[in-house]
Amino acid sequence: MKRLLLGAFLAMMLTSSAALGVYQLGDTVADFTLNDHLGNPVSLYDFYGKVIWIALWTST
Amino acid sequence: MQTIFTDFEDQDVMVLSIGAGENVDACAYWQYKYQQTCPVLADANSAIYSQFGDGYVPYNVILDDTMKVQHTNSGFSANQIRTKLTTYSTPLVKILHDPMPNTENTSSAYTVSCDITSGGNLIPASLKLFWNTNGGGSFTQVVLSAAGGNTYTGSIPAQSAGTTVYYYLHGEADNGKQRNEPMDAPDSLHSFDVLIDTAGPVITHEPLTRWRADMWSPTFVAQVVDQIGVGTVTMVYKHNTCPQESTVMTLGEDGLYTATLECPGNVGDTVLYWFEAVDTSIAGNTSRLPETGSYTLTAIEPLPALIIDLDGNTNSGPVINSQLQSLGIASEYVTQIPDFPALYSSVWICLGVAPNNHVMGFIESQIFYEYLTDGGYVYMEGGNCWANDTRFPFMLEFSIGNTSTGSGNVATVNGLAGTMTDGLTFQYTGDNQNMDNIRAKSGATLVLENASPQFGVAVAKQDNSYKTIGSSIELGGLTDSSLSTKAELLTAYATFFDLMSASPTPTPIPPTPTPSACSQLGVTITMPSHLFNTGDTCSCTAEICNPGPDTYTQVPLFIVLDVYGSYFFYPSFGAFDQTLIDLPVGSQPIAVLPEFQWPAGTGAAEQIWWYAAMTDANVTTLFGALGSWEFGWAE
């Protein structure tokens, strides 16, 4: 049950965030930093000059 | 995703695998599950997704080399992603370059080499090396020369020692694409130092002090760095049953040097070891760690039991600990995961019951997974870890299947006929909320069940190399009665884990006599006199005192003879040595020097000191009082 509630909440959160998308085709994306699976910070602009595929996923 | 990344990795394509609404632990599991080698990033509050998302996840965004959004879509089509990546990566200018190392060369130019390719036609005059010696904004420009194939080179004049040279590379193509290396140059620059290296490599190492004899041989790991370069790294070791040997350490892809011993390890064996390294400088500088003496590693029997109580309510772990000790099984109790669970032959994990439970994360679970699959024995209890929480590979090893999240309906718990718990019956009064109902999968055995409604609450499994007991109830919540006691259940569990027939404590070094009472924890060291003359009877005795009530095992003991700043360590009286002792309650003597008659012809000396002390297992803190004794001799 907890997992179902969590999944529903996340789905709701993701759906509501759809209206918040700010980048359109042709826009330049600003740098951001996230922690990787080992807890180390990784920045988008560490890879400036490469073609970047941002693959967003969720486990639920 | 991983296949695409592998195929495009050398084509200046990067994949960022971002978990929308996922934390670091979830990303660690994702990385493990799909064996991803690209960065797997935690977008815990979906802040990044919200900047891109206009559809459902999975969601893809492709940025070109200038960070412009070129493509977005929901879902996943490998062909579509491959096509887009090919489209945007093909025309790029690409520069491959291995950064220049530090150098001692002060007399001839430094050649900078790189490979440059492009989807268009490279403009030769645009292929340049930019360098300076201050890291500032003004650079000397050198047009690169073609050196065959895609290789181009440029030269930087020789510099004097003490100079740092900063540089970057640049290339353009007739399709308008251009590229710096480093990509964000000149904000970031490559650099190398021109220097005369007079220092040896820097060696760092986390000393190994104990290793299970039944899991011999240990791997020794050292990190070694040098200004110019590391040449050879050697580990020298002296095993008490083998002559001194040395082995050249192997450099791994992780940048660490490793070595293993060729000598066997029996309980009580000691290994004195140290590291030596030489750099690749003109002088061939050397270094040693430790600078003098050696580290000491002792082969030990596995410590019988470690209780790791991770939930907020400590209502079961202490019960297990005290009950095991009552059964004569030496156990230790901690509330955090230790660095070396492998020292223990069994680990007892308490996760508690909701809402006071600890949800085991993937990273934590991997520590236990490695311990278990290396031949460990694990008992784990938790009301919610078998069905409600995510089950990682570690949990799957328990072979607990067909689980469901239950309710607070555990009452009478019975053993199962024909199993280790045959005839046991308890009332359960512990935490009792959403208790997972569990069953044994093939290869495992149900050993405890709730009477009504009937469902399993404990499962045991014996694999070829390891054993598990998984329980959804807290052992501390079982009530002793005239019918059954927790001690009986733990006797069954401990016997299953081979703890009841094993010696409960490691063999002490050396064997000690029956202890007598004493009052202060620590060591005293004494001799018959403070001044010895020819013919006097001389000896030295250390007295180890543990007033109780606790007992200890494998405590490092150091006895040092200080002769005007030169130190000699008991028992070998070499540059560094130690012993591990067990501390039953009471006092025990150790003969440091047997009786002998002070010889003639020794001259005179004074202010010679003995020091004796115990420390914690990591040899970082004194354990009890330190003893000392000053003495001298005369003729």
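The values are calculated or read from the model by the stated rules, or taken from the named source; none is laboratory data. Being a predicted model, the structure only gives us computed values, none of them experimental. Every residue, glycine among them, receives a Cβ derived from its backbone with ideal geometry; neighbour counts consider all protein chains shown. Just so you know, the surface numbers come from the protein's heavy atoms only, side chains and all, with ligands and any DNA or RNA stripped out. Shrake-Rupley method; radii C 1.70, N 1.55, O 1.52, S 1.80 Å.
Averaging the Cα positions of each part gives two centres, and for segment B:213-278 and segment B:348-413 these lie 37 Å apart. Straight Cα distances below 26 angstrom link B:Lys177 to the lysines A:Lys50, B:Lys68, B:Lys84, B:Lys94, B:Lys128, with same-chain residues fewer than 8 positions distant left out. Remark: the protein assembly as shown carries a charge dipole of roughly 1620 debye about the Cα centre, counting +1 on each Lys and Arg Cβ and -1 on each Asp and Glu Cβ. Per-residue Karplus couplings for segment B:615-630, computed as 6.51 cos²θ - 1.76 cosθ + 1.60 with θ equal to phi - 60°, are listed in order as 10, 6, 4, 8, 6, 10, 9, 4, 10, x, 7, 8, x, 8, 8, 9 Hz, Gly and Pro entered as x. Surface composition of segment B:57-154: carbon plus sulfur atoms hold 49% of the accessible area, using a 1.4 angstrom probe and ignoring ligands, DNA and RNA. Applying 1/(1 + (r/R0)^6) with r as the Cβ-Cβ distance of B:Ser326 and B:Ala417 and R0 = 30 angstrom yields a FRET efficiency of 0.65. Working from label points 7 Å from Cα in the Cα-to-Cβ sense, the B:Asn409 to B:Glu245 distance is 6.3 nm.
Within 10 Å of each Cβ in B:35-47, how many Cβ atoms from other chains are there, averaged over the peptide? Mind showing how you got there, number by number?
On the way: counts 0, 2, 0, 3, 9, 8, 13, 6, 6, 2, 1, 7, 4.
Per-residue shielding by partner chains comes out at 5.
Restricting segment B:169-253 to GluC sites (Glu not before Pro) that sit in a DSSP loop and have at most 10 other Cβ atoms within 10 Å of their own Cβ leaves B:Glu253. Around the amide H of B:Thr421, modelled in the peptide plane, lie the amide H atoms of B:Leu416, all under 5 Å away and 5 or more residues distant in sequence or on another chain.
Per residue of peptide B:64-76, the mean number of Cβ atoms on other chains within 10 Å of the residue Cβ is 4. Stokes-Einstein diffusion of chain B at 10 °C, 1.306 mPa s viscosity, Kirkwood radius from Cα pairs, rounded to a whole number: 52 µm²/s. Taking 7 Å steps out from each Cα toward its Cβ at B:Thr286 and B:Thr335 produces label points 5.0 nm apart. With Cα atoms defining each centre, segment B:133-148 and segment B:547-621 are spaced 64 Å apart in the structure. The peptide list B:416-429, B:131-144, B:35-48, put in order of mean Cβ contacts within 10 Å with the highest first, becomes B:35-48, B:416-429, B:131-144.
When peptides B:521-533, A:41-53 are sorted by average Cβ neighbour count within 10 Å, with the highest value leading, the order is A:41-53, B:521-533.
For a straight C-alpha distance cut-off of 26 angstrom, the lysines reachable from B:Lys461 (same-chain residues fewer than eight places away being disregarded) are B:Lys33, B:Lys441, B:Lys486.
If you take each beta carbon of peptide B:6-17 and count the beta carbons of other chains within 10 angstrom, what is the mean? Don't jump to the answer; show the numbers that get you there.
Numbers: counts 0, 0, 3, 1, 0, 2, 5, 5, 10, 7, 11, 7.
Shielding by partners across B:6-17 averages 4.
Here the Karplus relation 6.51 cos²θ - 1.76 cosθ + 1.60, evaluated at θ = phi - 60°, turns the backbone of segment B:380-390 into coupling constants of 9, 10, x, x, 9, 8, 9, 9, 6, 7, 5 Hz, with x for every Gly and Pro.
Are there chymotrypsin sites (Phe, Trp or Tyr not before Pro) in segment B:52-106 that DSSP marks as loop and that have at most 10 other Cβ atoms within 10 Å, and which are they?
Details: sites: B:Phe52, B:Tyr56, B:Tyr59, B:Phe76, B:Tyr88; in loops: B:Tyr56, B:Phe76.
The qualifying sites: there are none.
Size descriptors for segment B:1-144 (Cα atoms only): Rg and Dmax, in that order, 20.1, 62 Å. Only Cα sites of the protein assembly as shown enter the Debye sum here, all with the same form factor; the resulting log10 I(q)/I(0) across q = 0.06, 0.08, 0.12 1/Å is -0.55, -0.90, -1.27, listed in q order.
Annotation: cysteines of the protein assembly as shown without a disulfide-compatible partner (Cβ-Cβ under 4.7 angstrom) are B:Cys27, B:Cys38, B:Cys114, B:Cys350, B:Cys385, B:Cys538, B:Cys540.
Which whole-number percent is the relative contact order of chain B (Cα, under 8 Å, 6+ apart)? Walk me through the numbers before you get to the answer.
Details: 1494 pairs, mean separation 47.7, N = 635.
8 percent.
Quick check for you: with a 1.4 Å probe and neighbouring chains kept, what is the accessible area per residue of segment B:452-496, in Å²? Intermediate values should be presented prior to the final figure.
Numbers: 1590 Å² over 45 residues.
Here the per-residue accessible area is 35 Å².
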